[in-house]
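K.L.:
One structure is given below, represented as structure tokens, and several questions about it will come after.
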Amino acid sequence: MAGTADLHPPDFESIIDAARLLRGVAAVTPLLRSDALDARLGASVWVKAECLQRTGSFKFRGAWTNISRLPDARRERGVVAYSSGNHAQAVAAVASLRNIPATIAMPQDAPAIKRARTERWGADVAPFDRETADRVGFAEALADDLDRPIVPPYDHPDTIAGQGTVGLEIASQCRALGIVPDAVVVPCGGGGLIAGIATALGTAMPGVPVHPCEPATGDDTIRSLQAGRRIALPGPVRSVCDALLADTPGALTFEINRRILASGAAISDAEALYAMRIAFEDLKLVLEPGGAAGLAALAADKVPCRGRTVIAVASGGNVDAGMFARALNSPGTR
């Protein structure tokens, strides 16, 4: 597998090509608003509902694009991926749709619903302990044993280009609605989704600030942006936002994001759960904690929105019943 030093950031044309590859395969997810949400936050809030994407998150876009761009002979051998759940489901789904085998390295503590849905697509799951094992090294050993390529969850130009199609859709939908957002807020883990969106919007809707939103216990991108270099967080990262648990930004994603992102917002678990609750109450959307990070940043006023037009990307909705019930019973933070 090529190292990230050998890879180059995707350009706008690569994202346009990814949209072509995804046409008729991925859903064009809606941009939603409600009077109740606007009144609650004192703003015009639009939510890009990637929780309604195939496999329940934006990850399907990057997985399809990456696997589609593999040479035929490499793709036919099957693929390996590493993921806490959403990328796992996406790669498993794409492999099933393309009739190729997939093996997924997944943390032992990944939500049961995410593992079950990954296996339902026919993928083999190889569990590892996230506190003692290096997930990339574990996946690379699997890939070597199986003689298959790895489909990275974020730090690859083809994965980033696929995620960037979310930004293309936002720009197109804003034009159709006649709105110009003052800000876009995006959940951030390894940084692939926000890198793709910000790259797309830089051409399709220039001048709109794009803010990363991370769990406060896993704010590696925010710290790295402030330091001007990649920062690795000490010790295991813990949060209800399991989809956003990265201890350091990707090398390629940070190279992109350090040049084009606005300031970040670090959210607490309580704020993420409250955002899940208001998404359900006001938009009838089911979000997972990490998928609600952007909305949480707005609701907690960590990205000011009052009197403004803002877009929050709801990146995923793969949540188990227990966590969702906990969110619905959240007392709120304001």
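The values are calculated or read from the model by the stated rules, or taken from the named source; none is laboratory data. Predicted, not measured: the structure shown is a model, and the values here were computed from it. Methodologically, a virtual Cβ is constructed for each residue, glycine included, from the backbone with ideal geometry; neighbour enumeration extends over all protein chains shown.
K.L.:
Exactly one of (1) closer than 21 Å to Ala161 by Cβ; (2) touching a helix residue (DSSP H, G or I) at 6+ places or on another chain (Cβ under 8 Å); (3) surrounded by fewer than 23 Cβ atoms within 10 Å (Cβ to Cβ) is unmet by Glu255. Its number?
P.N.:
Glu255 satisfies all of (1) closer than 21 Å to Ala161 by Cβ; (2) touching a helix residue (DSSP H, G or I) at 6+ places or on another chain (Cβ under 8 Å); (3) surrounded by fewer than 23 Cβ atoms within 10 Å (Cβ to Cβ) except (2).
K.L.:
Tell me which of these Thr29 doesn't satisfy, since it passes every other one: (1) within 24 Å of Glu140 (Cβ to Cβ); (2) touching a Leu at 6+ places or on another chain (Cβ under 9 Å); (3) of a type in the set (S, T, N, Q).
P.N.:
Every condition holds for Thr29 apart from (1).
K.L.:
Going through the stretch 208-217 one residue at a time, which ones are more than 17 Å from Pro304 (Cα to Cα) and either surrounded by fewer than 23 Cβ atoms within 10 Å (Cβ to Cβ) or not assigned by TED's automatic domain parsing to the domain that holds Gly294 (or both)?
P.N.:
Correct list: Ala216, Thr217.
K.L.:
Within the stretch 175-196, track down each residue that is in contact with a Ser or Thr (Cβ under 9 Å, 6 or more places away or on another chain) and either closer than 16 Å to Ile15 by Cβ or of a type in the set (A, V, I, L, M, F, W, C) (or both).
P.N.:
Once the filter is applied, which keeps residues that are in contact with a Ser or Thr (Cβ under 9 Å, 6 or more places away or on another chain) and either closer than 16 Å to Ile15 by Cβ or of a type in the set (A, V, I, L, M, F, W, C) (or both), the stretch 175-196 yields Ile179, Val180, Ala183, Val186, Cys188, Gly191, Gly192, Leu193, Ile194, Ala195, Gly196.
K.L.:
With without any contact (Cβ under 8 Å) to a residue 40 or more places away in the chain and among the hydrophobic types (A, V, I, L, M, F, W, C) as the only criterion, which of Ala63, Ala43, Ala49, Ala88 stands out?
P.N.:
Ala88
K.L.:
Mind telling me which of the residues Ala275, Ala312, Ala279, Ala299 ends up being in the same structural domain as Ile194 (by TED's automatic domain parsing), without any contact (Cβ under 8 Å) to a residue 60 or more places away in the chain and aliphatic (A, V, I, L, M)?
P.N.:
Ala275
K.L.:
Okay, next question. Please count how many residues of the stretch 92-114 are charged (D, E, K, R) and either assigned by TED's automatic domain parsing to the domain that holds Met323 or over 19 Å from Gly78 (Cα atoms) (or both).
P.N.:
Result for the stretch 92-114: 2.
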